[in-house]
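One structure below.
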Amino acid sequence: MARGRQCQSSWDPGLPFRPGALCLDFGYTGGFDTGLQGGERLRGPEDLTQWLHQHISPAVAAADEQDLAHALGLRGCIVDVACALARGNELPEDALVRIDALAARPGVPGRIDAPAAVVPAWPVECALATIAGNAAAAFSAGFIRVRVCAAEDCDLIFYDGSAGGARRWCSMRRCGNRAKVRAHRARKATSPVS
C-alpha cells in the first residue's frame, strides 16, 4: 500500500462490509457510532499496533500511549469529515486542516518482500500519515464518492470506488440483497395473477 494514496481498503474481519477506503476502515475501529463491532477496538497501544500491522505494514514499530492519542485524534477527524461529506453537511475546517497536515508527512512505502532484518521499523507517525494521505485522496472525491448506505434502516458510510460510481449499499450481501428481495416481493404483489 504505497503511501496510502489509493483508496482501496483491505478486508477487516471485524466488519460485515467493506468501507472501500483505508481511512474509513480506520474510522470503523470505533469512531463511527454504529455499534457494529461492539464498541472501541483500539483500547490500548497494542490494539493500534496490531491494526497497523494488518492494514499498513508489519514493519510499523510498536505504538505507545502518545501514538494511540494521536491515532484517536486522526480517527475523530476522519469520522467528522466522512459524516459531513456523506450527509451533505458543512465540512469541519479544523478536521480538514489536521488531516492535510498529517497527510503531508512521509508515509509508509509499499510492502517490500525482504528478510525481516532488512526491513526498517517505520514509526507509527508514518503509518498515521499513510492513513491521512488515504483520507485526503478519498475525501477529495467529495460528495459523489463518500456516501451513506441507501437502505432506510442503515446509516453505514462507505467510499464508492466503483468505476461508474454506482455503489448504493454498504454491502450487497447485507443491505443490497434485502433491497432486492423487497423490490421482488413488491413487484410480485402488484403483478396480475395469471
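The values are calculated or read from the model by the stated rules, or taken from the named source; none is laboratory data. Nothing here was measured: the structure is a model prediction, and the numbers come from that model. We place every Cβ from the backbone using ideal geometry, glycine too, and count neighbours over all the protein chains shown. For the accessible areas, the whole protein counts, side chains as well, though only heavy atoms, and no ligand, DNA or RNA atoms are used. Shrake-Rupley method; radii C 1.70, N 1.55, O 1.52, S 1.80 Å.
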**Fill in**
Screening LEU52, LEU24 for residues that are modelled with pLDDT of 80 or more and either aromatic (Phe, Trp, Tyr) or under 11 Å from the mean Cα position of the chain (by Cα) (or both) leaves only LEU24
**Message:** Restricting to the range 66-96, name every residue that is surrounded by fewer than 18 Cβ atoms within 10 Å (Cβ to Cβ) and either touching a Gly at 6+ places or on another chain (Cβ under 7 Å) or over 18 Å from GLY31 (Cβ atoms) (or both).
**Reply:** GLN66, GLY76, GLY88, GLU90, GLU93
**Request:** Pull up the range 134-155, narrow it to residues that are surrounded by 21 or more Cβ atoms within 10 Å (Cβ to Cβ) and either in contact with a Leu (Cβ under 8 Å, 6 or more places away or on another chain) or of a type in the set (A, V, I, L, M) (or both), then point me to the one that is farthest from LEU74 (Cα to Cα).
**Result:** CYS149
**Prompt:** Pairs under 8 Å by beta carbon, first residue surrounded by 10 or more Cβ atoms within 10 Å (Cβ to Cβ) in the range 178-194, partner modelled with pLDDT of 70 or more, six or more apart or different chains?
**Reply:** ARG178/ALA151; ALA179/ALA150; ALA179/ALA151; ALA179/TRP169
**Item:** Filter pass, ALA116 being modelled with pLDDT of 90 or more, more than 30 Å from ALA150 (Cα to Cα), open to solvent by 30 Å² or more (accessible area, probe 1.4 Å) and among the small types (Gly, Ala, Ser)
**Value:** no
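Please find, within the range 40-54, the residue that is nearest to GLY27 (Cα to Cα) out of those that are surrounded by 20 or more Cβ atoms within 10 Å (Cβ to Cβ) and out of contact with any helix residue (DSSP H, G or I) (no Cβ under 6 Å at 6 or more places or on another chain). Break it down into steps so the answer makes sense when it comes.
Start the filter on the range 40-54 by keeping residues that are surrounded by 20 or more Cβ atoms within 10 Å (Cβ to Cβ), which leaves 42, 48-49, 51-52.
This time we only want the ones that are out of contact with any helix residue (DSSP H, G or I) (no Cβ under 6 Å at 6 or more places or on another chain), so: 49, 51.
Numbers: THR49: 15, TRP51: 12 Å.
Among those residues, the one meeting the criterion is TRP51.
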**Fill in**
Exception for LEU48 within (1) within 14 Å of ALA135 (Cα to Cα); (2) aliphatic (A, V, I, L, M); (3) in a helix (DSSP H, G or I) falls at (1)
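Among the residues of the range 82-103, what is the count of those that are of a type outside the set (A, V, I, L, M, F, W, C) and in contact (Cβ under 8 Å) with a residue 24 or more places away in the chain? Even if it seems obvious, please write down each step before you answer.
So in the range 82-103, the residues of a type outside the set (A, V, I, L, M, F, W, C) come out as 87-90, 92-94, 98, 100.
When the remaining residues are screened for being in contact (Cβ under 8 Å) with a residue 24 or more places away in the chain, the result is 87-88, 98, 100.
Result for the range 82-103: 4.
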**Asked** Restricting the range 55-65 to residues that are in contact with a Phe, Trp or Tyr (Cβ under 8 Å, 6 or more places away or on another chain) and more than 20 Å from LEU24 (Cβ to Cβ), which is most open to solvent (accessible area, probe 1.4 Å)?
**Response** ALA61
**Fill in**
Pairing a residue in the range 155-177 that is under 17 Å from ALA138 (Cα atoms) with any residue that is open to solvent by 30 Å² or more (accessible area, probe 1.4 Å) and of a type in the set (S, T, N, Q), where Cβ atoms lie under 8 Å and the two sit 6 or more apart in sequence or on different chains, gives LEU156/THR34; GLY161/GLN8
